[in-house]
1. Rounded to whole Hz and in sequence order, give me ³J(HN,Hα) for segment 74-91 from the Karplus expression 6.51 cos²θ - 1.76 cosθ + 1.60, θ = phi - 60°, writing x for Gly and Pro.
2. Cross-link list LYS32/LYS264; LYS68/LYS93; LYS32/LYS322; LYS264/LYS322: which exceed 29 angstrom alpha carbon to alpha carbon?
3. To test your reading of the geometry: what angle, between 0 and 90 degrees and rounded to tens, separates the Cα axis of helix 119-131 from the longest principal axis of the chain?
4. Give the long-range amide H neighbours of LYS189: residues separated by 5 or more places, or on another chain, with amide H under 5 Å away, using H modelled in the peptide plane at 1.01 Å from N.
5. Which whole-number percent is the relative contact order of segment 279-411 (Cα, under 8 Å, 6+ apart)?
6. If you place +1 on the Cβ of every Lys and Arg and -1 on the Cβ of every Asp and Glu, how big does the dipole about the Cα centre of the chain come out, in debye to the nearest 20?
7. With everything on Cα atoms, drop me the angle between helix 411-433 and the longest principal axis of the chain, reported from 0 to 90° to the nearest 10.
8. Show me the ranking of peptides 403-410, 372-379, 427-434, 294-301 by mean Cβ neighbours inside 10 Å, starting with the highest.
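Just so it is clear, none of the values below were taken in a lab; they were calculated from the coordinates. As the structure is a prediction and not an experimental result, all values here were calculated from the model. As a convention, Cβ positions derive from the backbone with ideal geometry for all residues, glycine included, and neighbour counts pool all protein chains shown.
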Amino acid sequence: MNTLAVELNDRLSGTTSLELLSDFGKRFFFPKGIAAQSAEATAKASRYNATIGMAFERGEPMILPSLKSSMGDLTAGEAVAYAPNAGDAVLRKLWAEEIRKKNPDLGSARIGTPTVVTGLTNGIAHLADLFVDPGDPVVIPDMFWGNYRLIFETRKGGRIVTYPFFDSDGTFNVEEFRGALRGRREHGKAVVLLNFPNNPTGYSPSTDEVDAIAEAIRDEADAGTRLLLITDDAYFGLFYEPETYRQSIFAKTALLHPNLLTAKVDGATKEDFAWGFRVGFVTFAGEGMTDDHLSALERKLLGAIRSSISNSSRPAQSLLVKLLQSRSHEEEKRRCFELLAARYRTVREIVCARDTAVLDPLPFNSGYFMSFRVVCRRAELLRRRLLDERSIGTIAIKDDFLRIAYSAVDEEDIAPLYEEVYRMASSVATESAR
């Protein structure tokens, strides 16, 4: 094992994070190679800096005039220079401030510095690299984003363990969640992934539900199971009902128990309506984790970044810095939020007024989506018929569920969309009953 990896492991000694690391994670480190030496030179080489593989002219990165003309007020450095492996330092600081502002329950809890990754998918994949060995259980609800299976099972050989998302009251199924955690005790460790607002259901728990979830996690940690909790906050902030917990569950779990390491994965993708920027963040926290522990863990993450994507898009990060520093940022987000909230209310009104004999809506209160349980269990046929005969795109989840992203449909088009969906579902149900 590389001596730098050994050094990082020694710095993490005595922490749950070291016990949770996969073989890959224990072997990984951030090398003192070109990237590290260039970073040192950037800070200290005030005379000449001949380290990094970029072309400069009079102290600024070279940029083609036609490209510069498309970059608005970005300087050449902001537009085309490499970003640091961990991300733009100003952006990381601003995002850390955003996390605390949006999650007041964190209080003064020590958390790591957000590390920039190329979108949330990339962040989750890096965590899988660092913490999942073949056979390790990954506990997620049965209503989950299909890409988790590729990331954890296909790429890493982990074992996804599911539990029913909803209980009989239509709320988060805390008892089944407890049971899924309890069943991992023999293995000794588990990855737990929670995604609120949830994709595909569009559901977020209430404050009471979040407290119960946190209690279940603490109880399992008390029993000796070492846990990595990943909070996938892709749709964070899009909460439409007053009783919904309006913070990340990260705020409730950051310092919950010494046997728990929490990793918040979030980003500008949906929060700032910047999907194609592919800028996400990974932030660690854990009870008993010192600044040195968190720094060591981040160096391992940096090694994973360096060995795969090297660094994330500089112009996207530069634009996000300007966005987060803009005086109109919050007002502009509020306008987009209200548009989505209005679409949500329209959908809610439509489905509450319809019979559930053919399409039974799952509970939803947030995010981009809602899902129907297709009673006749012909969701894929319904999807194909909608697409081929009505030019309407939806997502079938196996044969049981149909997901609709109402976020992608203007409010005035929602009623005719749902009318077509209900009409086609009735037709499919009738044919299936023959």
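1. 5, 6, 4, x, 6, 8, 10, 5, 4, 8, x, 4, 7, x, 4, 4, 5, 4
2. Result: LYS32/LYS322 exceed 29 Å.
3. Rounded to the nearest ten degrees, it is 70.
4. Correct list: ARG226.
5. Reported as a whole number, the value is 18 percent.
6. In debye, rounded to 20, the chain gives about 1240.
7. Between helix and principal axis, roughly 60 degrees.
8. The peptides rank, most packed first, as 294-301, 372-379, 403-410, 427-434.
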